[in-house]
Amino acid sequence: MKKFLLGTASTLLLLGGCAPQAAETATTSETSTSESAVDNAAQDTASDVTVADAEAFLADAERRLLEDWNYAARVFWVQANFITDDTNWLASRAGAASTELAVELANEAARYTHLDLPPEMERKLNILRTGITLPAPSAEGAATELSEITTRLGTMYATGTYEVDGEPADLQVLSNIIETSRDPEILQDIWQGWRTNAVDMAPLYARMVDIANEGANELGFDNLADMWLSNYDMPPEDMEAEVERLWGQVEPLYEQLHCHVRAGLNEEYGDSVQPATGPIRADLLGNMWAQQWSNIYDLVAPEGAADDGLDVTALLEAQNYTAEDMARTGEAFFSSLGFDPLPETFWDRSLITQPRDRNVVCHASAWIIDAEEDIRIKMCTEVNGEDFQTIHHELGHNYYQRAYAVQDFLFRGGAHDGFHEAIGDFIGLSITPEYLQAIDLIDEVPSADADLGILMRQSLDKIAFLPFGLMMDQWRWGVLRGDTPPEAYNESWWELRTRYQGIVPPGGARPDNAFDPGAKFHIPNNTPYLRYFLSFIMQFQFHQAACEMAGWEGPLHRCSIYGNEEVGERFNAMMEMGLSQPWPDALEAFTGTREMDGSAIIAYFAPLMEYLEAENADRQCGW
């Protein structure tokens, strides 16, 4: 999944030295903070403060945050694009200063919670109090230590390698092997080799958890997990229940897909490598983290649909596309919806291809450097179908960032963190055969006979991802609440991966010192991951609503909003709201409903579900 720099001021300050694309947008409302947090904060409330004092405090806080943002964003941009000891040092210092400021403002905000404030002011105070991903306690040196740890963790990930053919290979090279090889011995070696980079992260991660939990305690939360979950306009326990409700809606489709994919892998590799029953071996799924499986489409494609004519990689190569061509095609999509072109500074300052002369953080990300107009992407783009999707996705973040720049500084963020990801992926759902024809990548739209193959290919990304998107933070919540001690980090990780995803590591039990969570970017870089699960639900909800606005009457999976300015106008109106209103208000503004709902996914993939159920009728599904 892809990282990005959001526009919410308070969130940059929590980074503790992580690159700003790892920043988390806080989402709060009048009801988002837990009762215990409010009670604890109220004990320290000054009795002599007034509404005018609160107003003056917020104005000064937004000024200071903007000033810090403009400095720190540039530091982190340089560090991500030039990874050296010196830039790491600068990022660590900037992160520590930002964290100290965020904690100072969060504690100060608590002084005003007893006042009868206008909703806008109350919302801003709650954003300040709960919008810190990694809060440091006020003890001297704590912010610096936290910043040094997070910088080191991020650097360990970004510079990790494993030897291939006698030469150190980075993640890009290793991932390409996982995506293309069909040799189970090679796959196991590469899979295990990448994870050796995470072993030394474990003690640092444990110390980071201790410090951040102390910070959360000072802000009135029992632990950092509850603080994170307080950012969804409902109590933490209600949000956890909401997540399980959404998973229950889509779990049957995932189970059918898992059953079909396992059968295809069994046919390819045989019982000795992949049995016909039980969990799937994680390294066989064409992705370093087994989170999306489209690279093994050829092994599981419906009979007669393996060549659907929509190999986007081949189509791009045939027309000699460059990485910049792909980015400009993505810009043209948004222009067709009525959005203004990207500023020239985007093209001058973005990193679109991987430099040959230095280490950079290649994980794709979208940035807004000045919280107003200086939007950029940082991406080691390759000319292939996956990155064609990713370009559209990352630009979705940039257009969202630019839209909510009209808001006050504390409201410059997604309605909740899932909105930002959902908006990027919602645009990607319009990369249909009709869209590919409109931009002259194909001459003819495939007939409906190709739909089953198209849906299968999409499901290997969209449906396969759902349990992974869920379990990542399920694991972290256990860690942050103290339910999972450091010695059980890896055991808990694989218990959840098997329970939700039905996968197991190759080669049997993992080594006692393994820290496999650290092999995934978002763990060492401390980005809450629930946003991605929510986004994969909401993007289909957005798509269904947009297609209804456009008057589309065909199958949902064939709808593209390309060229529809009416949809673009409604879309922009929702994006301009930013973080200024509770997320149900923003959702309702575009979709007409106030509840996240997985039924649009079921509708989108209905023909595939029918096919899978028939194919799996004589198989033993589940694990």
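The values are calculated or read from the model by the stated rules, or taken from the named source; none is laboratory data. Please read all numbers here as calculations on a predicted model, not as lab measurements. Methodologically, a virtual Cβ is constructed for each residue, glycine included, from the backbone with ideal geometry; neighbour enumeration extends over all protein chains shown. Ligands, DNA and RNA are stripped out before the accessible areas are found, and what is left, the full protein with its side chains, is counted by its heavy atoms. Shrake-Rupley method; radii C 1.70, N 1.55, O 1.52, S 1.80 Å.
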Compute the acute angle (0 to 90°) between the alpha-carbon long axis of helix 323-336 and the principal axis of greatest extent of the alpha-carbon atoms of the chain; round to the nearest 10°. 70
Crossing angle, helix 184-195 versus the chain [Cα axis fit, 0-90 degrees, rounded to tens]: 10
For the stretch 167-218 and the stretch 429-496, what is the separation of their C-alpha centers, rounded to whole Å? 19
Here the percent of antiparallel bridges among DSSP beta bridges lying wholly in the chain, to the nearest 5, is 75
Sequence-distant or interchain residues sharing an amide H contact under 5 Å with Ile503, placed H: which? Ile280, Thr498
For Val164, residues with placed amide H under 5 Å, excluding near neighbours: Ala169
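Which shape class, rounded, prolate or oblate, goes with the stretch 292-363 when its Cα gyration tensor gives a ≥ b ≥ c as root eigenvalues, a/c under 1.5 marks rounded, and past that a/b bigger than b/c marks prolate?
Oblate is the answer for the stretch 292-363, as a/c is 1.5 or above yet b/c matches or exceeds a/b.
Ranking request for peptides 103-115, 509-521: highest mean number of other beta-carbon atoms within 10 Å first, then the rest in descending order.
For the peptides 103-115, 509-521, the packing ranking is 103-115, 509-521.
Could you tell me which of rounded, prolate or oblate describes the stretch 371-491, using a ≥ b ≥ c as the square roots of the eigenvalues of the alpha-carbon gyration tensor, with rounded for a/c under 1.5 and, failing that, prolate when a/b is larger than b/c and oblate otherwise?
On the way: a/c = 2.57, a/b = 1.30, b/c = 1.98.
Verdict is oblate for the stretch 371-491.
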What's the angle, to the nearest 10 degrees (0 to 90), between helix 565-577's Cα axis and the longest principal axis of the chain? 40
Please turn the phi angles of the stretch 453-463 into ³J(HN,Hα) values with the Karplus equation 6.51 cos²θ - 1.76 cosθ + 1.60 (θ = phi - 60°), one per residue in order, whole Hz, x for glycine and proline. x, 4, 5, 4, 4, 5, 5, 5, 9, 6, 8
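With a 1.4 Å probe and every protein chain kept in, tell me what percent of the accessible surface of the chain is carbon plus sulfur. Don't jump to the answer; show the numbers that get you there.
Numbers: 10070 of 22300 Å².
Carbon plus sulfur share of accessible area: 45 percent.
Packing-wise, with mean Cβ within 10 Å as the measure, how do 265-271, 96-102, 185-191 rank, highest first? Could you put the intermediate results ahead of the total?
Working: 265-271: 15.3, 96-102: 24.4, 185-191: 18.4.
My ranking of the peptides, most packed first, is 96-102, 185-191, 265-271.
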Place a +1 charge on the Cβ of each Lys and Arg in the chain and a -1 charge on the Cβ of each Asp and Glu, then give the dipole magnitude about the Cα centre in debye, rounded to the nearest 20. 760
Vicinal HN-Hα couplings computed from phi for the stretch 266-272 (Karplus, 6.51 cos²θ - 1.76 cosθ + 1.60; Hz; Gly/Pro x): 5, 5, 6, 10, x, 4, 5
For Thr484, list long-range residues whose amide hydrogen, built 1.01 Å from N in the peptide plane, is under 5 Å from its own amide hydrogen. Val479
Sequence order, the stretch 398-405: Karplus ³J(HN,Hα) from phi using 6.51 cos²θ - 1.76 cosθ + 1.60, θ = phi - 60°, Hz rounded, Gly and Pro as x, gives 4, 5, 5, 4, 5, 5, 7, 5
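Which whole-number value in Å² is the accessible area per residue of the chain, probe 1.4 Å?
On the way: 22300 Å² over 623 residues.
Using a 1.4 Å probe on heavy atoms only, each residue of the chain averages 36 Å².
Would you mind putting 549-557, 574-582, 378-386 in packing order, based on average other-beta-carbon counts within 10 Å, highest first? Can you show the working numbers first?
Values: 549-557: 14.6, 574-582: 22.8, 378-386: 19.2.
Final packing ranking: 574-582, 378-386, 549-557.
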Row for the stretch 513-623, column shape: gyration tensor on C-alpha, a ≥ b ≥ c, rounded if a/c < 1.5 i.e. under 1.5, prolate if a/b over b/c, else oblate; value oblate
Nearest-20 debye value, the stretch 515-621 charge dipole, Cβ charges on Lys, Arg, Asp, Glu: 400
